[in-house]
Amino acid sequence: MPKIGVYVCHCGENIAGAVNIEEVMNYAKTLPDVVLVKNYLFMCSDPGQDIIKQDIKEGKVDRVVVAACTPRTHEPIFRDALESAGLNRYFLEMANIRDQDSWAHWHDKSGATEKAKRLIRSAVAKVTFAEPLEDRYGDMEKSVMVIGGGVAGMFAALDLANMGLKVYLVERQPSIGGMMIKLDKTFPTMDCSACILTPKMVEVAQHPNIELINYAEVDAVKGYVGNFEITVKKKARYIDWDKCTGCGVCTQICPARVPNEYNYNMDQRRAAYIEFPQAVPKKAVIDRPNCLYFKSMEKTGKPACQICEKGIPPKGIQGCPADAIKFDDKDEYINLKVGSVIITTGYKVMDKSHFKEYSPHSKDVVTAMEFERILSATGPTEGELKRPSDGTKPKTIAMISCVGSRDERYHSYCSKVCCMYMLKHARILKEKYPDIKLYLFFIDVRTAGKDFEEFYVYTRELGVKVIRGGRVSSVDVKPNGKLRVRGFDVDLCSPVELEADMVVLATAIEPATGTEELGRLFAATCGREGFLREVHTKLYPVETASKGVFLAGCVQGPKDIPESIAQSRAAASAAAALVIPGKIKFEAIIAEVDREKCSSCGVCVPLCPYGAIKLQEYKGKEKAYIEPALCAGCGVCASACPSMAITFHGFTTEQILAQIDALAEA
Amino acid sequence: MAWEPRLIVIACQWCTYQGADLAGSLRYSYPPTVHIIRVPCSGRVEPEFIAEALKKGADGVFIGGCHFGDCHYKEGNYKAIRRFKLFKRLATDLGVEPERIQLEWISGSEGKRFAEAMTEFDAKIRELGPNPLKGGANV
Ligand SMILES: Cc1cc2nc3c(=O)[nH]c(=O)nc-3n(C[C@H](O)[C@H](O)[C@H](O)COP(=O)(O)OP(=O)(O)OC[C@H]3O[C@@H](n4cnc5c(N)ncnc54)[C@H](O)[C@@H]3O)c2cc1C
Ligand code: SF4
Ligand code: SF4
Ligand code: FES
């Protein structure tokens, strides 16, 4: 038989002013299993808590009901009091007779008093069925994996490494840097992108706590928060990176030329290549499908080319001076243990080929990302503005916004950065070539952001034509090679038609290829549009559905660099707060399956929003099992199990039914 | 003595329960016929809770959860609303008016709305009269 003690708080006058304490106490004494009832002016004060502790220590009570304010603020305080007196901290229930009683019914003293009695009756009923629960602690691996080495991933890695944590930064490409390194200048400050990013790339590579794993992808994931076991696949490079000095000899003598994806195929690279001049690490790789050695080996079994390795001796051309070529290189799989993960795999831009109405076959119609490369000093034209079709200098350029964004046929969302980078492109061009004619077609101009509106006003003042209206209806190639652009101007309320030498399409930002698959490996879910989803837009913006897995940057949705960095540093601090203590607390208020009762129906498995439930073999049958580390304590499974096999600790069915009975009865 | 309704509110701890606390601290009043049972999420509510409450004579049951998109556990409130139809049917099967079961999203910042919703709920149940299964609790 439990021995329940009821402690009624006056909260000064806050409760006692509306509730007749004595009447309530006399009533509480009549409740089943209640062995003593006491009151105090402020139960939460030290002397108040001492009253409870004393009774526990003397063995008078072994279950406690505190009738006072709200458990939301005070439950932890009284739980600690129980624990310090040697009683299980979950043998406590609070009756909220202040916030939900005396305050709300201040002018109805007898109503408030009667309600207080019933609330206490409900708490007593619930505590009668309380079970002793233990918060559990698991070991936490003190390391973090950051996946994606764009600007977001780099900042997260640096912050974590500076806090003394071991960081593995996994990047799919040969070099880190992501999309930002491809940009020419960046709004709103117009810094040169490479100039501000390359020093950070070097810092990442040289940091003693960061292990850079390039040209690699996550292959498999086991475990959960605190103890993820991750298999990373390092793709074969066919060049020994321990020996490669980045001299670039192979990238010059390799005879196999292929379109250069880094510049969106606007120029060529070799099969042996360094991704871009400022690559970090500056190491070469061989692109196997295009390499003549591998092609010939597959066909004839004899090597047709080994120029990168051996050079062309008759011509006096030397091969790799570092002896780094390694045709027998293999994919390598490495296993890493980390406590937490941050996903920062960024975005890709839509290809122009989707938009038949804009003449994608014309070389002079380019995407905005391609245009960034054209403007960039490291791009295919070394920063010189040239028409891709004939190399002449364009006199008129039209830019079209929202291509694939805010369009039911493709993506309903706004890609957020396009309005600003279109203005940026206009500004770069106008400042360099004041005579150039620029027509910017917008649905409407969205420049909400710090210093953005000023940027817009300044750019317009440079003489850029902004045309607001619906969508541009078509871009056609005229017989003279020029492009005819047709749209509508809402301000003039008339159709517009103009001739341009080049057209730039602000194509939509999309999640990087493989985002959904990567998310699935970690049980982190994506939204409808395929971006990784945060747990709660407002309260948990960097947490994913999977505990211990965080996100930052464009993998969560389109955003600019300042926002990506802010989010990545937030994710780093959230991950650090989790990892640094070295232990992880698993709440006792979670669900548990009684496998004897489980009928193996599997109903609960897909219900859990955290993927905590799986069917596991138990006594020769598949039975549900809830992984305590993953359960977040929502209770959904317990209320759905048709066999009543799931107990939701802290809010058991038995406890809630007892409360209902206590409240419903006369 | 005159009949007074006995109302049970099953409130999500992240929203409606907080909304009730806020109503109190702002001193918005509502009838003391309302009694809250705290649950972790509106998705925790079982059909059995509703059946038990009605059978034991509660005159009305109100489920309070977070607005869509705000559920602390992502989609517990969607699960609650799906079950809500079942709850209503369950009431009908027991011979109780389905309007005695109500569900609403009230956030932790909506103290005023909580008080209003409770006042409306109380008035509605008074109109319906005592739970036919028990004739209400005579206070
Ligand atoms: C045309 C254009 C112009 C822009 N101009 C500006 C500007 O002027 N100012 C501004 O503030 N913003 C600008 N932006 C936005 C800016 O590019 C982004 O905000 C920023 O690059 C986002 O960084 P990120 O790290 O989130 O993603 P990313 O830069 O995309 O980096 C992601 C990284 O993850 C890697 N990766 C992807 N998948 C995997 C995987 N499965 N495993 C391992 N690694 C993976 C990628 O290779 C990449 O290195 C522009 C965008 C566009 C399209
Ligand atoms: S819902 Fe219940 S019976 Fe069905 S698998 Fe889950 S625990 Fe077992
Ligand atoms: S209580 Fe919620 S989080 Fe825990 S196992 Fe059940 S459904 Fe999953
Ligand atoms: S947390 Fe409030 S309804 Fe789910």
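Dividing the helix sum by the residues of the protein assembly as shown, where each DSSP H run of 4 or more adds -39500 (n - 2.57), gives a mean residue ellipticity at 222 nm of -9000 deg cm²/dmol.
In terms of its C-alpha gyration tensor, the range A:590-648 has a prolate overall shape, because the principal axis ratio a/c (a ≥ b ≥ c, square roots of the eigenvalues) is not below 1.5 and a/b outweighs b/c. What the phi angles of the range A:595-601 give under the Karplus curve with 6.51, -1.76 and 1.60, with θ = phi - 60°, is a coupling list of 5, 5, 8, 4, 9, 6, 6 Hz, glycine and proline written as x. Comparing A:SER546, A:GLY111, A:GLY12 along the charge dipole axis of chain A, the residue lying farthest to the positive side is A:SER546, per the Cβ-charge model. With the dipole of the range A:4-128 worked out from charges on the C-beta (+1 for Lys and Arg, -1 for Asp and Glu) around the Cα centre, which of A:ILE56, A:ALA125, A:ILE77 lies farthest toward the positive end? The Cα lying farthest towards the positive end belongs to A:ALA125.
Note: relative contact order over chain A, using C-alpha pairs below 8 Å and six or more positions apart, is 13 percent. Once the Cβ-Cβ distance of B:SER25 and B:TRP3 is raised to the sixth power relative to R0 = 41 Å, the FRET efficiency obtained is 0.85. May I ask you to list the aspartates and glutamates whose Cα is less than 19 Å away from that of A:LYS623, ignoring any residue fewer than eight positions away on the same chain? A:LYS623 reaches A:GLU592, A:ASP594, A:GLU596.
Put in line by how crowded their Cβ is, counting other Cβ atoms within 10 Å and starting with the fewest, A:LEU521, B:LEU26, A:LEU423 read B:LEU26, A:LEU521, A:LEU423. From the P(r) of the range A:249-330, can you give the percent of Cα pairs sitting at distances over 16 Å? So the portion of pairs separated by more than 16 Å is 53 percent. Note on B:75-86: average number of Cβ atoms from other chains within 10 Å of each residue's Cβ is 2.
Look at the alpha carbon pairs under 8 Å that are at least 6 residues apart: their mean separation over the length of the range A:249-330 gives a relative contact order of 25 percent.
Shape analysis of the range A:442-502 based on the Cα gyration tensor places the equivalent ellipsoid semi-axes at 26, 14, 10 Å, largest first.
Charging the Cβ of each Asp and Glu at -1 and of each Lys and Arg at +1, and nothing else, the dipole of chain A about its Cα centre rounds to 1960 debye. Reported to the nearest whole Å, the Cα centre-to-centre distance from the range B:40-90 to the range A:66-97 is 26. Per the Debye calculation on the range A:347-510 with a single equal scatterer at every Cα and no solvent contribution, log₁₀ I(q)/I(0) for q = 0.19 Å⁻¹ amounts to -1.35. Please list, or write none, the aspartates and glutamates whose alpha carbon is within less than 19 Å of the alpha carbon of A:LYS166, excluding same-chain residues fewer than 8 places away. A:LYS166 reaches A:ASP139, A:GLU141, A:GLU203, A:GLU211, A:GLU217, A:GLU229. Taking the charge dipole of the protein assembly as shown about its Cα centre, with +1 at Lys and Arg Cβ atoms and -1 at Asp and Glu Cβ atoms, the residue from A:ALA570, A:ASN26, A:VAL503 reaching farthest to the positive side is A:VAL503. Peptides A:245-253, A:368-376, A:400-408 ranked from most to least packed, by the mean per-residue count of other Cβ atoms within 10 Å: A:368-376, A:400-408, A:245-253.
Is the range B:7-128 best put as rounded, prolate or oblate by its Cα gyration tensor, with a ≥ b ≥ c the root eigenvalues, rounded for a/c under 1.5, and otherwise prolate when a/b is larger than b/c, oblate when not? Oblate, because a/c is 1.5 or more while a/b does not exceed b/c. Each residue in A:SER340, A:SER389, A:SER353, A:SER193 was given a count of other beta-carbon atoms within 10 angstrom of its own, and listing them fewest first yields A:SER353, A:SER389, A:SER193, A:SER340. The distance between label points at B:ARG126 and A:MET163 comes to 5.5 nm (points 7 Å beyond Cα on the Cα→Cβ vector).
Between the range A:504-526 and the range A:461-495, the C-alpha centres lie 32 angstrom from each other. Put in order of Cβ neighbour count within 10 Å, fewest first, the listed residues A:ASP184, A:ASP46 become A:ASP46, A:ASP184. Given the pairs A:LYS200/A:LYS282; A:LYS243/A:LYS299; A:LYS222/A:LYS283; A:LYS283/A:LYS386; A:LYS200/A:LYS235; A:LYS222/A:LYS621, which span a C-alpha to C-alpha distance of over 21 angstrom in this model? Result: A:LYS243/A:LYS299; A:LYS222/A:LYS283; A:LYS283/A:LYS386; A:LYS200/A:LYS235; A:LYS222/A:LYS621 exceed 21 Å. From largest to smallest, the equivalent ellipsoid semi-axes obtained for the protein assembly as shown from the alpha-carbon gyration tensor read 63, 33, 23 Å.
Bridge orientation summary for the protein assembly as shown: considering DSSP beta bridges with both residues in this region, about 45 percent are antiparallel. With the simple spin-label model, which puts each label point 7 Å out from Cα in the Cβ direction, the A:GLU22 to A:LYS465 separation comes to 9.1 nm.
Counting only the Cα atoms, the range A:6-53 fills a convex hull of 61 Å³ per residue.
Would you mind estimating how fast the range A:1-97 diffuses translationally, via Stokes-Einstein at 25 °C and 0.890 mPa s with the Kirkwood radius over Cα pairs, in µm²/s? Answer from the Stokes-Einstein relation: 187 µm²/s.
Equivalent ellipsoid of the range A:505-581: semi-axes from √(5λ) of the C-alpha gyration tensor, largest first, are 21, 16, 10 Å. Each 5 Å bin from zero holds the following percent of Cα-Cα pairs in the range B:11-50: 6, 22, 26, 23, 14, 8, 2.
Just so you know, all these numbers are worked out from the coordinates, no wet-lab data involved. Being a predicted model, the structure only gives us computed values, none of them experimental. Because the Cβ atoms are built from the backbone with ideal geometry, glycine has one as well, and the counts that use them run over all protein chains shown.
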